[in-house]
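The values are calculated or read from the model by the stated rules, or taken from the named source; none is laboratory data. As the structure is a computational prediction, the values presented were derived from the model and not from experiment. So basically every Cβ, Gly included, is an ideal-geometry build from the backbone, and we count neighbours across all protein chains shown.
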Protein chains: 2
Amino acid sequence: MKEHTALEEKRLEYIPKLPAILHDLRKLKTVNLKNSPGKASEISDFFPLTIGQTALTFTIDQDHEKTPLKVGVVLSGGQAAGGHNVITGLFDALKELHSKSQLFGFLNGPSGIVNNQTIELTEEILHSYRNQGGFDLIGAGRTKIETNEQFQGTLHTVKALDLDGIVIIGGDDSNTNAALLAEFFMKEGVRTRVIGVPKTIDGDLKNAYIDLSFGFDTAVKTYSGIIGNIARDSLSAKKYYFFIKLMGRSASHIALECALQTHANYTLIGEEINEEKATFQQITNRLSDVICRRAELSKHYGVILIPEGLIEFIPEFRTLIAELNEIKIDSELSKDERIQLAMRSISSESLECYKSLPRLIQEQLMLDRDPHGNVQVSKIETERLFIEAVKQELKRRKEKGEYTGSFNAQPHFCGYEGRSCLPSNFDSQYCYALGHVAALLIDANATGYMSCVKNLSRPIEEWQICGIPLTSMIHKEMRKGKLKPVIAKALVDLQGAPFQYFKEKRLQWEDEDDYRYPGPVQFFGPSEITDAVTLTLELSQNTEAILN
Amino acid sequence: MKEHTALEEKRLEYIPKLPAILHDLRKLKTVNLKNSPGKASEISDFFPLTIGQTALTFTIDQDHEKTPLKVGVVLSGGQAAGGHNVITGLFDALKELHSKSQLFGFLNGPSGIVNNQTIELTEEILHSYRNQGGFDLIGAGRTKIETNEQFQGTLHTVKALDLDGIVIIGGDDSNTNAALLAEFFMKEGVRTRVIGVPKTIDGDLKNAYIDLSFGFDTAVKTYSGIIGNIARDSLSAKKYYFFIKLMGRSASHIALECALQTHANYTLIGEEINEEKATFQQITNRLSDVICRRAELSKHYGVILIPEGLIEFIPEFRTLIAELNEIKIDSELSKDERIQLAMRSISSESLECYKSLPRLIQEQLMLDRDPHGNVQVSKIETERLFIEAVKQELKRRKEKGEYTGSFNAQPHFCGYEGRSCLPSNFDSQYCYALGHVAALLIDANATGYMSCVKNLSRPIEEWQICGIPLTSMIHKEMRKGKLKPVIAKALVDLQGAPFQYFKEKRLQWEDEDDYRYPGPVQFFGPSEITDAVTLTLELSQNTEAILN
């Protein structure tokens, strides 16, 4: 058994606070939520049984007699800080409801449901994962439950384990899958309820009922700490431009929050690029404009933030990637052969775009495909692409006498280090509450619901809880030529308070070195540090908040 | 005036503790240190006046009458966390010695001394830099004071400012420069004393009198936090090998400490490679062996640490780089032209090595040179070089049927984000004390000394202070065909306790996922977290320390 670091030890001892409503679970009674979301009839063919359910909440009543519950839990998709706390929250709530309740963990993602690979989760196992990062307790995976055979597998599993419920911790795709599974189990007449939990560092799973997906808070705080450090280094040495790519597809929530946190000199927001239909050269020109203006102020350094998903918002790249997606790549091909293959296979417009790219990016666009046969957009080093493009543009300007500065750039990627870190106090508590609500929904016999905790910018005592029908978030979309049920990713709202605040301030941040240094995530000490929520959340829920 | 984040605010309020000996500066009396280092006569031609000075320490005596001091301070070389605290420590000590003392900051490094570019540092200016990261208070620079003209410039400056002393905060080169400047001022008959302060995140400025250079503690804690996060992500998703390059030339202290902190699966130590004269292919084979053995355990993921300076310890690269250093590069040349130039200019052995490298690395070896005309070794992405080499080796093994796993690798670089961060409590206090000792040495009329604080693994009250003659650390070395005075970089001692401990444990870490997760640097909370010293220091000074 491995030993823990001193910080891990202290986090193991940490007891997440709970909203007041969750202080005595056995007293809670289900009631319908007054403002239930409307029924989306366009998807009724996919969800004939579970469509149109009413949103639920809970009120305090008298003590209720409870029966033991058997529940399975799965981690689906990429890591996000707090996953272990959803599980411990679920476990503690199930045990509070009835001491004979049992929790099973499906191993390595949804394939664990299909193949009935589980372990029973006991306090003995769980106690060394409380408030810890990662998904390593039971592992995660990206299997999508799609085929009839897979659905039959899950049916076999829930019958074999005699499950009252399954909790699926995942993003938009995984929660769509949860809705389909709920419908399927109801059709098959098994009692197993399916509850989703909103997870993704990208922050793109949100709506009127979901303030925020878990993991976003810890990821942006981790990245902002790093970006602040780099900004201060840039300002001290005064010789480098840092081009920092931030993990997160497709939305630019992470980039926007990091911009608000650090006041980086320039931040690209994919949604704005999309609205303006800005081309790659136009974006390059804008970055070069900022660099030239700063050069006139004798500043040959700075920090530029680039969201990972940006590239798909740039018109010519979207077309190029769509065309490259059509090419089958033999994994035995050499890099040269791949590039030749690409050049032979695409339209003349895309060829022009492809040829203009640095060799490294040409290679990255032709790496082996993801499991769905698509270009691995996350492997494209946009930060290096923009460095090269800006370098060329500045060279042109220098030749024309429009620029006399020096441009030295460093690429950086804020990525994997933000997904599996120790969850912030916020994510520890939020996830612990989400796990509780999932248990309550199963106990209330609800299926096809998302576990929701709202009012997150308020003190934790005031947080509210509810269950929202998954079908209310789903619409139909064309995917590979077929209409599929899909939870739309929530993009950055260009009219929303966070973006508007950013827009108001960004010109100032471009010229001045008005950097903000958030520092590393703190777990102890003054509550204005340890309990701070993200600025996105603060601004969304309280437009009168004042940011420094 | 910019506003601070909540964490910055709290750090501004933080008052670094001081060793007991520094509680009342006006009572201190200089005494000679019993075990003074010996005289290195080989450099007496460079230092006829300052050679052979005795090491100093201080004892508590009665209150002494003091006169005001005028002192200048400069930040030389790369950023390291705590630089601002050396300056505030120096300022507070000078003011305690005499309220009319003055401190001037030289702007943007040693060129500020040469050109007399200064600001007077007052409490009003300093109060927003206390315990903060970066060097942005006065900026830093890498100018070496070498020419007669530069020396005359410094003389002019110290006369114009009427300085009693200059404090040079820097690494090995900067402290050699400090020694030369002390000698020069003494020869010129000016009273200006020169004191060095040991700074470098690399940890390679240490000896019997210097436990540790400042900035190392914060940098390794920052990097270890990130590496721990990545290790946990690796263990959760179970699909990537992370090849992480760590900043730091030439020694592998940072890599060794991060290995001890995180139990990464494999860590290359440059000094060991050097001793074994291991070739690039041998290192690649070893990494591939680890990956193959883990594949047999069904583990297709892991974490590998690579020190930035490693490449210069590999025999064929050392030769190649030495040959490439001889090539003059016109900055107008294209990438292709640079590669062609390299291939035309080097020996057949080096050509073979160069040709075997991925194109990206070939380009990086032929980037514009550093100010001394050398290959910019820090720009060589060794993490990507090893990924490519291992990929090729595993392909060969796969073809021979010796390996059946899957190998997906992600490069990462821990670099600039570790230099300008908020200094850890340790670096905040250590630097604050170093600043105090520098003031005491100037007050004691000592010149050509290093400010030293010892016993750093003990409680802060017990820390000891001394001044060590810089000349005692200097020897002669050939540099570009000339014998030059040099402070040798302290390499990892392969017989020392930290490396021996690592050696004892590393086989276990290779196969097992015995990762340790240090988490982000904490400033508040339990002292076993906030006051922990590095494991290197702990093991060096207390071989009975037990590591988990």
>> I need the full set of residues from region B:394-438 which are more than 12 Å from chain A (Cβ to nearest Cβ), small (Gly, Ala, Ser) and out of contact with any helix residue (DSSP H, G or I) (no Cβ under 7 Å at 6 or more places or on another chain), in order please.
In response: B:GLY401
> What about A:LYS482, is it at pLDDT 95 or above, more than 20 Å from A:ARG249 (Cα to Cα) and away from every other protein chain (no Cβ under 11 Å)?
Replying inline: no
>> Quick check on this structure: which one of B:ILE329, B:ILE304 is surrounded by 14 or more Cβ atoms within 10 Å (Cβ to Cβ), under 32 Å from the mean Cα position of the chain (by Cα) and under 26 Å from A:SER334 (Cβ atoms)?
In response: B:ILE304
>> Can you go through A:GLU504, A:GLU477 and tell me which one is loosely packed, with under 13 Cβ neighbours inside 10 Å, away from chain B (no Cβ under 14 Å), assigned to a strand (DSSP E or B) and acidic (Asp, Glu)?
In response: A:GLU477
>> Among the residues that make up region B:174-185, is at least one of them under 25 Å from B:LEU422 (Cβ atoms), of a type in the set (A, V, I, L, M), under 26 Å from the mean Cα position of the chain (by Cα) and buried (at least 24 other Cβ atoms within 10 Å of the Cβ)?
In response: no
>> Please go through region A:295-340 and give me each residue that is over 14 Å from A:ASP368 (Cα atoms), among the aliphatic types (A, V, I, L, M) and assigned to a loop (DSSP other than H, G, I, E, B), ordered by number.
In response: A:LEU297, A:ILE314
> Using beta carbons and a limit of 7 Å, which pairs, at least six apart or on different chains, have the first residue in region B:357-381 and outside the structural domain of B:PHE313 (by the TED database) and the second one modelled with pLDDT under 90 and of a type in the set (Gly, Ala, Ser)?
Replying inline: none
> Counting only residues that are among the hydroxyl-bearing types (Ser, Thr, Tyr) and part of a loop (DSSP other than H, G, I, E, B), which one in region B:515-540 is nearest to the other protein chains (Cβ to nearest Cβ)?
Replying inline: B:TYR517
>> I'd like the full set of residues that are more than 20 Å from the chain's Cα centre (by Cα) and either hydrophobic (A, V, I, L, M, F, W, C) or under 18 Å from A:GLU13 (Cα atoms) (or both), limited to region A:138-157.
In response: A:ILE145, A:PHE151, A:LEU155
> Counting only residues that are surrounded by 15 or more Cβ atoms within 10 Å (Cβ to Cβ) and within 27 Å of A:PRO485 (Cα to Cα), how many does region A:109-156 have?
Replying inline: 20
> If we scan region B:338-352, do we find a residue that is over 21 Å from B:CYS258 (Cβ atoms), under 32 Å from the mean Cα position of the chain (by Cα) and basic (Lys, Arg)?
Replying inline: yes
>> Looking at region B:199-258 only, could you name the residues that are within 14 Å of chain A (Cβ to nearest Cβ), assigned to a loop (DSSP other than H, G, I, E, B) and surrounded by fewer than 24 Cβ atoms within 10 Å (Cβ to Cβ)?
In response: B:LYS238, B:LYS239, B:TYR240, B:MET247
> If B:SER527 satisfies every condition in (1) surrounded by 20 or more Cβ atoms within 10 Å (Cβ to Cβ); (2) among the hydroxyl-bearing types (Ser, Thr, Tyr); (3) over 30 Å from B:ARG191 (Cα atoms) but one, which is the exception?
Replying inline: (1)
>> With the structure loaded, tell me whether A:THR447 is over 21 Å from the mean Cα position of the chain (by Cα), of a type in the set (Ser, Thr, Tyr) and within 20 Å of A:VAL167 (Cα to Cα) or whether it fails that test.
In response: yes
> Here are some conditions: (1) at positive phi; (2) touching a residue at least 60 places away in the same chain (Cβ under 8 Å). B:GLY481 meets all but one. Which one does it not meet?
Replying inline: (2)
>> Just to confirm my filter: which helices (runs of 4 or more DSSP H) fall fully inside region B:47-161 and include at least 2 residues that are within 14 Å of another protein chain (Cβ to nearest Cβ)?
In response: B:83-97, B:111-114
> Restricting the search to region A:228-243, which residues are within 24 Å of the chain's Cα centre (by Cα), within 20 Å of B:LEU7 (Cβ to Cβ) and not polar (S, T, N, Q)?
Replying inline: A:GLY228, A:ILE230
> Residues B:SER457, B:SER451: which one is buried (at least 22 other Cβ atoms within 10 Å of the Cβ), among the small types (Gly, Ala, Ser) and more than 22 Å from B:GLY309 (Cβ to Cβ)?
Replying inline: B:SER451
> What are the residues in region B:1-40 that are among the charged types (D, E, K, R), closer than 30 Å to B:GLN53 by Cα and in contact (Cβ under 8 Å) with a residue 24 or more places away in the chain, if any?
Replying inline: B:ASP24, B:ARG26, B:LYS27, B:LYS29, B:LYS39
> Is at least one residue of region B:163-172 outside any loop (DSSP other than H, G, I, E, B), surrounded by fewer than 18 Cβ atoms within 10 Å (Cβ to Cβ) and away from chain A (no Cβ under 14 Å)?
Replying inline: no
> Is it fair to say B:PHE151 is more than 13 Å from B:ALA81 (Cα to Cα) and modelled with pLDDT of 95 or more?
Replying inline: yes
